[in-house]
Every structure is written in structure tokens, then in C-alpha cells.
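K.L.:
Structure provided below as C-alpha cells; questions to follow.
All of the numbers you see were taken from the coordinates with simple rules; none came from a lab. Since we're looking at a predicted model, the values are computed, not measured. Every residue, glycine as well, gets a Cβ built from its backbone with ideal geometry; the counts of neighbours run over all protein chains shown.
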Amino acid sequence: MSLVLDEKEIEHTLIQILQDGTTGGLTDFISWIMLYKKQFLNQEVQIDSNIVKLKLESLKSSGFAEAGKFDPKEFTISSNELQKKKIPSIDKFKILGIGKYSPIQYARSRQENFLNLNKAIEEDATDISIATIEAVENSVKYGDGKTVIFEQEIDSERIYKLKIINGIKEFDLSDEIERGKYSSNITLMRGVMIMEKLFHKLDLQIKNDLNEVHLYAEKKLS
């Protein structure tokens with residue numbers, strides 16, 4: 001049986017999600033409430049979308065949230081609230097590699113927030129974002145639908161470092177890669193080539209003993 005969240009719990013969770021540096025629309029935040037509760041309670045939840053919408057609008061009216069930079073229908077934490085936060089040099093989080101939890105938008109927006117706080121120029125941020133979307137898409141497409149570990153940091157030499165770890169489905173990965181070389185569709189190999197072009201360093205390791213894929217990437221920020 002699914003857990004039904006009340007208004008107070010929905011608002012509390014929305015505040016936490018916004019504080020973590022996300023930007024998204026109503027459906028994204030509904031998905032992310034489900035994600036957080038699945039991670040922390042290991043339980044599916046029922047959410048009234050109308051309550052989520054009202055709470056997001058209320059948080060925007062109070063000055064805690066504001067409209068997204070590129071889409072007024074999106075919500076993000078306000079600039080005033082951001083100024084209260086300590087600038088992080090490391091950010092670690094976990095998502096679930098299932099589409100209904102909106103993992104790609106979650107990782108993308110959280111990464112953009114991290115790069116913005118650390119004063120990355122737009123060109124670097126765009127390259128990193130495009131490459132990372134490919135990586136997260138692969139973790140969803142080829143992953144086992146379970147936990148995806150996402151770690152990012154900027155070291156003292158202004159090198160952006162990314163690590164993504166996810167489990168993989170039960171299939172012959174070498175066959176998938178070989179097939180991808182000749183496919184016109186968006187494939188694993190195409191994603192890897194894009195990442196290799198946009199990152200300065202890329203290391204993709206298949207851990208057969210763990211049934212996991214480990215991706216490590218670096219980019220020197222301008």
C-alpha cells in the first residue's frame with residue numbers, strides 16, 4: 001500500500017529538494033518527491049498534484065523559490081536563499097535510474113546549480129552538462145533501475161571531476177557496444193564519443209565482478 005503524504009510533509013520535502021539545488025516543472029517536483037520518499041522510506045507514495053502546485057506557488061510568493069531562469073513555469077530556489085548557502089566544492093547524491101523519477105532533469109539541474117555557485121563560465125558549464133546528460137541517459141537506458149551514485153567536485157586547480165556509478169542490466173554489454181557502432185540510433189558508443197569530446201579526461205570502466213559501470217571524467221575550467 002502506498003503512503004499518502006499530507007500537506008506539511010509535501011512542503012517540507014519540496015523545501016529540501018529546492019535547497020539541494022534543483023530546477024524543474026511541476027511534474028519534475030512530483031517525481032522528485034516520489035524519489036526522495038522511495039530513497040528514505042523505501043516506499044511508494046501517493047501525492048496530490050494540486051497540493052504540490054499550491055505549495056510551490058506559496059514558496060515562490062514567500063521568496064523562498066522563484067521562476068526558472070529560462071522557463072517561467074519552472075521553479076528553483078531564490079537567489080536570496082542561495083546567498084545564504086556555503087559554496088560547496090564537492091556535491092554527492094544518489095538518484096534512481098527509472099524514468100518516472102525524472103533522474104536526468106534532477107542531475108542536470110543540480111549540476112548546473114553546482115557549477116553556477118562555483119562560477120564556471122557558460123561555455124564550460126554547457127559542455128559539462130551536455131556530456132553528463134549523455135552519461136545519465138546511459139545509466140537509465142543500460143542500468144538496472146536501481147541506485148545511481150553521482151559525485152562532482154572542483155579541486156583547488158579548478159578541475160571539475162565527475163564520477164557516476166550504476167548497476168547494469170543482465171545482458172552482454174560487448175554485443176550492445178558492437179551493435180551500437182553501426183546503429184543510427186542514440187547508442188552507448190555515441191554517448192561515449194560525445195563525452196570524450198567534451199571532457200578533457202574520460203575513463204569508462206565495466207566492473208564485471210560488481211555488475212557495475214564506473215564513469216570518471218575531468219574538465220579543466222577556464
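K.L.:
Let me spell out the model: positive unit charges on the Cβ of Lys and Arg, negative unit charges on the Cβ of Asp and Glu, origin at the Cα centre of the chain. What dipole size does that give, in debye rounded to 20?
P.N.:
The calculation lands at about 280 debye.
K.L.:
Figure the gain on full extension for K84 and S61 (residue separation times 0.36 nm, minus the Cα-Cα span) and round it to one decimal in nm.
P.N.:
My answer for the length gained is 6.4 nm.
K.L.:
What do you get for the angle between helix 26-41 and the principal long axis of the chain? Use alpha-carbon atoms, 0 to 90 degrees, nearest ten.
P.N.:
The angle comes out near 80 degrees.
K.L.:
Hey, if you put +1 on the Cβ of every Lys and Arg and -1 on every Asp and Glu Cβ in region 1-85, which of Q46, I77, Y36 ends up farthest toward the positive end of that dipole?
P.N.:
Farthest towards the positive end: I77.
K.L.:
Select one label from [x] 18.4; [y] 17.6; [z] 19.7: the one whose number is Kirkwood radius over Cα pairs in Å as derived from the coordinates shown.
P.N.:
Step by step, Kirkwood radius over Cα pairs in Å for this structure corresponds to label [x].
K.L.:
With a cap of 15 neighbouring Cβ atoms within 10 Å, and only residues DSSP puts in a loop, list the chymotrypsin sites (Phe, Trp or Tyr not before Pro) found in region 1-76.
P.N.:
The qualifying sites are F70.
K.L.:
Here's something else I'd like to know. Could you state the number of Å between the C-alpha centres of region 57-102 and region 23-53?
P.N.:
Between the Cα centres of region 23-53 and region 57-102 lies a distance of 14 Å.
K.L.:
Would you mind checking which residues have amide H under 5 Å from A65's amide H? H placed 1.01 Å from N; only 5 or more apart, or other chain.
P.N.:
K60, S78
K.L.:
Simple spin-label model, 7 Å along Cα-to-Cβ: E157 to E44 in nm?
P.N.:
Taking the simple label geometry, E157 and E44 are separated by 4.9 nm.
K.L.:
Loop sites only, by DSSP: take the GluC sites (Glu not before Pro) in the chain that have at most 13 other C-beta atoms within 10 Å and name the longest stretch containing none of them.
P.N.:
45-156
K.L.:
Consider just the alpha-carbon atoms of region 69-152 and return their Rg together with their Dmax, both in angstrom.
P.N.:
13.6, 39
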